[in-house]
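*Asks:* One structure is given below, represented as structure tokens, and several questions about it will come after.
The values are calculated or read from the model by the stated rules, or taken from the named source; none is laboratory data. Bear in mind the structure is a predicted one, so any value in this text is a computation, not a measurement. With ideal geometry, Cβ positions are generated from the backbone for all residues, glycine too; neighbour counts draw on all protein chains shown. To get the accessible areas, we keep the full protein, side chains included, count just its heavy atoms, and leave off ligands, DNA and RNA. Shrake-Rupley method; radii C 1.70, N 1.55, O 1.52, S 1.80 Å.
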Amino acid sequence: MTATEIKPLSIKEAIETRRSIRKYVQEPMNQDDLREILRLASLAPSANNVQTWRFAVIQNPELQAKLQDVSYNQGQVTNAPAVIVVYSDMEDTLATAEETVHPGMGAEQIKSRADGLRGNFQNQDVAQRGQWGLTQANLAFAFLMLAARGLGYDTVPMLGFQPEKVKELLGLPEHVQFAGILPIGKRAEDGFPHHRHSLERITKFY
Ligand SMILES: Cc1cc2nc3c(=O)[nH]c(=O)nc-3n(C[C@H](O)[C@H](O)[C@H](O)COP(=O)(O)O)c2cc1C
């Protein structure tokens, strides 16, 4: 039975049972489940609906081995049946801004909103606006982990890799910025119990 055929976890169950998992059951990802997880992540919100996130999905042991080489040899990169690289492409977003405006707005509004968005960023350099784009992509990165867990899968978010080498390996443009890479599959270990600050430590109620 695939995850899309079983009852999805509630949001509470998905959040509480998500843990970083670094050892996976050795079976390929169900491709329908994988696409459903990516679709759910793409429903993340973003400022002006810019949707700066882009996904590179790797299900190829040779490429995973090369990715592991540039990820400080972290074993989960090859142990997982798939790895999703999540990055932000703000330059593509600006160049194609018309696509992110709701079609119901009509041609004139679409053009003026898209031009407006480009205008907002014209005085920022590529790295600066790239950083803004990344804050949007990070939302999809988090949605991805919870969507995966909700459908019975496990992940480990990773920033332990050499970004320039990952760009080279995947043929990504120099300007993209990474939210992280995400090995994904079914858990073959329990992971560590959560250890978090208390609510009092991190919250001020006014
Ligand atoms: C942005 C980010 C980067 C991380 N990078 C790595 C990494 O490179 N390797 C790794 O094993 N875990 C990595 N982690 C996992 C964290 O260690 C883990 O989320 C944290 O200890 C809390 O544990 P939990 O995810 O099981 O709740 C990363 C987590 C985040 C959110």
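*Asks:* Please give the number of the condition Gln76 fails out of (1) out of contact with any strand residue (DSSP E or B) (no Cβ under 6 Å at 6 or more places or on another chain); (2) at pLDDT 95 or above.
*Replies:* The failed condition is (1).
*Asks:* Which one of Ala44, Ala65 is of a type in the set (Gly, Ala, Ser) and crowded, with 18+ Cβ neighbours inside 10 Å?
*Replies:* Just one listed residue meets the conditions, Ala44.
*Asks:* When you scan region 155-176, do you find a residue that is over 19 Å from Val70 (Cα atoms) and assigned to a helix (DSSP H, G or I), even just one?
*Replies:* no
*Asks:* Restricting to region 142-179, name every residue that is open to solvent by 20 Å² or more (accessible area, probe 1.4 Å), within 11 Å of the ligand (Cβ to nearest atom) and either in contact with a helix residue (DSSP H, G or I) (Cβ under 8 Å, 6 or more places away or on another chain) or touching a residue at least 24 places away in the same chain (Cβ under 8 Å) (or both).
*Replies:* Correct list: Ala142, Met145, Arg149, Pro157, Gly160, Phe178.
*Asks:* Taking the stated definitions as given, is Ile110 over 27 Å from Asn73 (Cα atoms), surrounded by 14 or more Cβ atoms within 10 Å (Cβ to Cβ) and at pLDDT 95 or above?
*Replies:* Spelling it out, Ile110 is indeed over 27 Å from Asn73 (Cα atoms), surrounded by 14 or more Cβ atoms within 10 Å (Cβ to Cβ) and at pLDDT 95 or above.
*Asks:* Of the conditions (1) crowded, with 18+ Cβ neighbours inside 10 Å; (2) more than 24 Å from Lys167 (Cα to Cα), Val50 fails just one. Which one is it?
*Replies:* Answer for Val50: the failing condition is (2).
*Asks:* When residues of region 70-100 are filtered for being in contact (Cβ under 8 Å) with a residue 24 or more places away in the chain, open to solvent by 20 Å² or more (accessible area, probe 1.4 Å) and either part of a helix (DSSP H, G or I) or over 17 Å from Glu164 (Cβ atoms) (or both), how many remain?
*Replies:* Total satisfying the criteria: 7.
*Asks:* While we're here: Can you pull out every residue in region 180-206 that is more than 12 Å from the ligand (Cβ to nearest atom) and not in a loop (DSSP other than H, G, I, E, B)?
*Replies:* Scanning region 180-206 gives Ile184, Gly185, Leu199, Glu200, Arg201, Ile202.
*Asks:* Same structure again: All but one of (1) surrounded by 12 or more Cβ atoms within 10 Å (Cβ to Cβ); (2) outside any loop (DSSP other than H, G, I, E, B) hold for Gly119; state the number of the condition that does not hold.
*Replies:* (1)
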